[in-house]
Amino acid sequence: MNSQDGHRHAEARRRDVKTTLNYWEPQPGNKVRTDFRKPGAETSYDERENNQLPTPVTIHDVRGHESTFTLEQNGFQYVPDRAPDFSHCRSEEEISAILDAST
């Protein structure tokens with residue numbers, strides 16, 4: 001398969017996913033800081049965890065377009081990782097064994 005075929009294959013598989021992500025409710029002053037070295041930090045954190053704002057989002061599938069994201073433009077970039085081929089795996093345990101061995 002040449003790179004052009006690989007690009008077309010990635011395009012055919014691309015799909016966006018609509019889901020809901022939970023965010024913490026905005027705080028006055030938009031500052032949230034929890035110092036876990038101080039007493040009561042766990043309670044403060046738990047209170048925030050219980051005040052989540054479910055937000056509908058679309059997660060865009062960028063397969064085949066990873067190189068268009070840069071630190072300068074987007075604040076992040078994709079770094080290629082040579083992931084093993086899992087197509088022969090028949091269970092999550094097999095996948096876990098391969099991943100555990102490579103980390």
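Here, each number is a calculation from the coordinates, and none is a lab measurement. Here the structure is a predicted model, which is why all the values come from computation and not from measurement. Virtual Cβ from ideal backbone geometry, glycine too; neighbours counted across all protein chains shown.
Note on region 17-59: percent of Cα-Cα distances in each 10 Å bin, starting at 0 and stopping at the bin with the largest distance, equals 26, 41, 25, 8, 0.
When each of V57, V17 is scored by the number of other beta-carbon atoms lying within 10 Å, the sequence from fewest to most is V17, V57. Rg to Rh ratio, region 62-103, alpha-carbon atoms and Kirkwood radius? Reported Rg/Rh (Cα atoms, Kirkwood Rh): 1.16. For the pair A83 and K38, label points projected 7 Å from Cα toward Cβ lie 4.1 nm apart.
Here the simple spin-label model places points 7 Å from the Cα toward Cβ, and for L21 and F76 these points are separated by 0.7 nm.
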